[in-house]
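Contents: one structure, followed by commentary.
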Amino acid sequence: MTVYLVGAGPGDPDLLTVKAAGLLARADVVVHDRLADPAIVKLARPEAELIDVGKRPSRPLPQATINALLVHLGRSGRTVVRLKGGDPFVFGRGGEEAMALLDAGVPFEVVPGVTSAVAVPACAGVPVTHRGLSAAVTVVTGHRRVGEEADTDWEALARVGGTLVILMGVGQRAYIAERLRAGGLASDTPVCAVMNGTRPGQRTIRTSLERLGETPIEPPATIVIGAVAGLDLLQTTDGDGAAEGADHTTGPARP
Ligand SMILES: C[S@@+](CC[C@H](N)C(=O)[O-])C[C@H]1O[C@@H](n2cnc3c(N)ncnc32)[C@H](O)[C@@H]1O
């Protein structure tokens, strides 16, 4: 009996690790999230039980319920794959699930995945570090549970330098931009937001810190702030791009 906490990568099934694909092919149960790409879930064998624990506004599923489910399934003696977007230990609450399994004495293994924090910018032609432009990268969540977690010190992050990669930051982007500017980050700092990265609907918007709040961005999106966000090494910009101060780019087609 083992529960595998498996990273599914940012969406494109080709970015799944070989180990993850092998585990999916032999799992008895696959517990997956809302963001899990259907093409990846389909890699599970036909007999496997699929359990969708995706949290959504209409059906909030507390993390404690998911933890309890994993402990229960782990004790059943079946091979369980807990499939999580990106890497399980990067804002994926994989650490909490591992702790619950550890406390319950259920054996588990972590299978790292390709995190969207690095792969999604890369698929839009943005390297998160680049010699001469950025020697550091900070990955930060734009979403904190008000009243439960201390607010992020955005002014301090503005002074760190290098690249800022913000996950779950769409809803708070105007507030974040304001705080970063208050911390001294220049208004014309390049910003690149990649929506649905590595998926067929991938879309990129390039803007500046000053215009980030008014730039239309839909989740899921990874927002990159810093000099590297001005790079477009894949040359995917598809037109005039000047509208509303943003360049619109599209992602690679998937067969
Ligand atoms: C709860 S976090 C999980 C991160 C995940 N564990 C990882 O390593 O990529 C979800 C956030 O990751 C980012 N994200 C995940 N998949 C993405 C994708 N395909 N395109 C753009 N951003 C993505 C978005 O910021 C989204 O709100």
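The values are calculated or read from the model by the stated rules, or taken from the named source; none is laboratory data. Nothing here was measured: the structure is a model prediction, and the numbers come from that model. Cβ coordinates were reconstructed from backbone atoms using ideal geometry, including for glycine residues, and neighbour counts include every protein chain displayed. Ligands, DNA and RNA are stripped out before the accessible areas are found, and what is left, the full protein with its side chains, is counted by its heavy atoms. Shrake-Rupley method; radii C 1.70, N 1.55, O 1.52, S 1.80 Å.
Can you pull out the residues in region 57-71 that are in a helix (DSSP H, G or I) and either of a type in the set (Asp, Glu) or open to solvent by 50 Å² or more (accessible area, probe 1.4 Å) (or both)? Reasoning before the result, please.
First, the residues of region 57-71 that are in a helix (DSSP H, G or I): 63-71.
Result: Ala64, Thr65, Ala68.
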Handout entry: Selected residue (criterion: nearest to the ligand (Cβ to nearest atom)) from residues of region 72-99 that are assigned to a helix (DSSP H, G or I) and either open to solvent by 20 Å² or more (accessible area, probe 1.4 Å) or of a type outside the set (A, V, I, L, M) (or both)
Key = Gly94
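Could you look through region 2-33, keep only residues that are farther than 21 Å from Gly201 by Cβ and of a type outside the set (A, V, I, L, M), and pick out the one that is least open to solvent (accessible area, probe 1.4 Å)?
Looking at residues that are farther than 21 Å from Gly201 by Cβ and of a type outside the set (A, V, I, L, M), I get Gly7.
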Practice task
Would you check if Ser116 is polar (S, T, N, Q) and within 13 Å of the chain's Cα centre (by Cα)?
Solution key: yes
Exercise for the section: Select from region 107-164 the residues that are of a type in the set (Gly, Ala, Ser) and surrounded by 16 or more Cβ atoms within 10 Å (Cβ to Cβ) and list them in ascending order. Expected result: Gly113, Ser116, Ala117, Ala119, Ala122, Ala124, Gly125, Ser134, Gly142, Ala158, Gly162
Problem - Residue within region 217-226 that is farther than 20 Å from Thr141 by Cα and either modelled with pLDDT under 95 or open to solvent by less than 30 Å² (accessible area, probe 1.4 Å) (or both) present - result: no
Problem - Selection from region 166-216 of residues that are in contact (Cβ under 8 Å) with a residue 60 or more places away in the chain and under 14 Å from Gly230 (Cα atoms) - result: Cys192, Val194, Thr204
Fill in the blank from the handout: Being among the aliphatic types (A, V, I, L, M), closer than 30 Å to Arg75 by Cβ and touching a Leu at 6+ places or on another chain (Cβ under 6 Å) narrows Val191, Val110, Val114, Val126 down to just Val110
Problem - Inter-residue pairs, beta-carbon under 6 Å, first touching a residue at least 12 places away in the same chain (Cβ under 8 Å) and under 18 Å from Thr65 (Cβ atoms) and in region 26-43, second β-branched (Val, Ile, Thr) and crowded, with 20+ Cβ neighbours inside 10 Å, 6+ apart - result: Val29/Val80; Val30/Val81
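Does region 18-29 contain any residue that is under 15 Å from the mean Cα position of the chain (by Cα) and not in a strand (DSSP E or B)?
So far as region 18-29 goes, no, none of its residues is under 15 Å from the mean Cα position of the chain (by Cα) and not in a strand (DSSP E or B).
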